[in-house]
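Inspection log for the structure reproduced underneath, given as structure tokens.
The values are calculated or read from the model by the stated rules, or taken from the named source; none is laboratory data. A quick note: this is a predicted structure, and the numbers were derived from the prediction, not measured. Reconstructed Cβ throughout: ideal geometry from the backbone, glycine too, with neighbour counts over all protein chains shown. These accessible areas exclude ligands, DNA and RNA; they are computed on the full protein's heavy atoms, side chains included. Shrake-Rupley method; radii C 1.70, N 1.55, O 1.52, S 1.80 Å.
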Amino acid sequence: MSSTLQTYGSLMLGSRLRRLSDQLYAGVDASYLAAGVELSSRCFPLLLLLRDNGPTSITALAAQIGQTHPVVVQLGRKLLDAGVVAEMPDAKDERRRLLALSDAGRQLLESMAPLWDDVRAAVDVAFAQGTPQFMALLERAEARLQAQGFGETIAGCRRQRERAAVEIIDYAPQYAADFKRLNIAWLERYFYVEALDDLVLSDPQGSILDGGGQIFLARLDDRIVGTCALIRAGDGSIELSKMAVTPQCQGLGIARRLIERAFDAFEASGAPLLFLESNSKLAPAIGLYASSGFTHAARPAGDAHYQRADVYMEWQGRPRG
């Protein structure tokens, strides 16, 4: 059996609605011609709006019917040629022209009433008397798309899918290059690579893991897209460090999930303190840390690990609620 548009379900909704629209327009146009009305049915939304709203600019009409300005200009010309509308200057701005319904246009609309009753009845037949429900559904969909474009909605659904597909995994040697790559890219984007950075990132096994630390990675579609590490300090405390998420995957909640995984590991470790060092210009990151339970604190005696560090925070536990 060959496939049809119906085979693909909602994926082809736009095509099916376009086909349905063409069928409705064709049927109405044929009925208009049979009744001696030569104007296309596509012209009548403008006529009805001009009847009910009075003289209106092309720009306003385009917004009201959801068509482009050039399309409405073409429709307006057809209506002017047919004599059912007239042009007039805008009293507020003489440079702008308005379209207004003419006497011939009013007479035409009055004569259309019986035919429109037939169209409404035919719509009810086509939709098996479900027209009110269909129109209510259509209005809700239009309102949602007005509030957020369909492209944005698709992007949001993609983010939800990717967010659900992200895995937080433990470090393994085959990910050493990814661990370094992501952190170097982050450092070069915001600061520069210090000697200690290069030492730690070039040897995560010896610099972090052998000392009792841990590294966590975010994996999406077999790609490593985020990292963070817990590094043991000399006094038994643990530092949250080496947090990096590839820019293309920011907004998926990856950093928060990495932090949550780090919290689980810290709580299981029995260490007395979890802290981090950051930089004050990284406002979004500091906001994330604060919302995760970190608070600013006085730095213990001694130098910061990194020259860029001018923020010191300690974890007070997971926020309640």
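So for the range 19-28 (the condition being over 33 Å from the mean Cα position of the chain (by Cα), at pLDDT 90 or above and within 22 Å of residue 110 (Cβ to Cβ)), does at least one residue qualify? Yes, some residue in the range 19-28 is over 33 Å from the mean Cα position of the chain (by Cα), at pLDDT 90 or above and within 22 Å of residue 110 (Cβ to Cβ).
Of all residues in the range 175-198, those satisfying the criterion of being at pLDDT 90 or above and among the aliphatic types (A, V, I, L, M) are 176, 177, 182, 184, 185. Here residue 205 fulfils each of the conditions (1) among the polar types (S, T, N, Q); (2) closer than 25 Å to residue 310 by Cβ; (3) assigned to a helix (DSSP H, G or I) apart from (2).
Among the residues of the range 30-56, the ones that are assigned to a helix (DSSP H, G or I), open to solvent by less than 20 Å² (accessible area, probe 1.4 Å) and either free of Cβ contacts under 8 Å to residues at least 24 places away in the same chain or polar (S, T, N, Q) (or both) come to 1 in all.
Which one of these is touching a Cys at 6+ places or on another chain (Cβ under 9 Å) and open to solvent by less than 60 Å² (accessible area, probe 1.4 Å): 291, 241?
Details: 291 fails: touching a Cys at 6+ places or on another chain (Cβ under 9 Å).
None of the others qualify; the one that does is 241.
If the requirement is being surrounded by 15 or more Cβ atoms within 10 Å (Cβ to Cβ) and under 17 Å from residue 216 (Cβ atoms), which of these qualifies: 274, 282? Going through 274, 282 in turn, the sole match is 274.
Whenever a residue of the range 125-139 is hydroxyl-bearing (Ser, Thr, Tyr), its partners that are assigned to a helix (DSSP H, G or I), lying with C-beta atoms within less than 6 angstrom and at least six residues away or across chains, give the pairs 131/123; 131/124.
Name every residue in the range 63-79 that is open to solvent by less than 60 Å² (accessible area, probe 1.4 Å) and touching a residue at least 12 places away in the same chain (Cβ under 8 Å), in order of residue number.
Our first condition is that a residue be open to solvent by less than 60 Å² (accessible area, probe 1.4 Å); within the range 63-79, this holds for 65, 71-73, 75-76, 79.
Across the range 63-79, the qualifying residues are 65, 72, 73, 75, 76, 79.
When 164, 147, 172 are checked against the criterion of being modelled with pLDDT of 90 or more, more than 13 Å from the chain's Cα centre (by Cα) and among the hydrophobic types (A, V, I, L, M, F, W, C), a single residue qualifies: 172. Within the range 135-148, the set of residues being touching a helix residue (DSSP H, G or I) at 6+ places or on another chain (Cβ under 9 Å) and either over 18 Å from residue 67 (Cβ atoms) or open to solvent by less than 80 Å² (accessible area, probe 1.4 Å) (or both) comprises 144, 148.
Might you check whether a residue that is in a helix (DSSP H, G or I), farther than 22 Å from residue 264 by Cβ and open to solvent by less than 40 Å² (accessible area, probe 1.4 Å) occurs anywhere in the range 185-199? Scanning the range 185-199, I find at least one residue that is in a helix (DSSP H, G or I), farther than 22 Å from residue 264 by Cβ and open to solvent by less than 40 Å² (accessible area, probe 1.4 Å), so the answer is yes. Would you pick out the residues in the range 216-228 that are farther than 18 Å from residue 251 by Cβ, free of Cβ contacts under 8 Å to residues at least 40 places away in the same chain and in contact with a helix residue (DSSP H, G or I) (Cβ under 8 Å, 6 or more places away or on another chain)? Once the filter is applied, which keeps residues that are farther than 18 Å from residue 251 by Cβ, free of Cβ contacts under 8 Å to residues at least 40 places away in the same chain and in contact with a helix residue (DSSP H, G or I) (Cβ under 8 Å, 6 or more places away or on another chain), the range 216-228 yields nothing.
Against the condition open to solvent by 50 Å² or more (accessible area, probe 1.4 Å) and under 30 Å from residue 44 (Cα atoms), how does residue 117 come out, does it pass? So residue 117 fits the description; yes. Within the range 156-168, the residues that satisfy the criterion of being free of Cβ contacts under 8 Å to residues at least 60 places away in the same chain and open to solvent by 30 Å² or more (accessible area, probe 1.4 Å) are 157, 158, 160, 161, 164, 165, 167.
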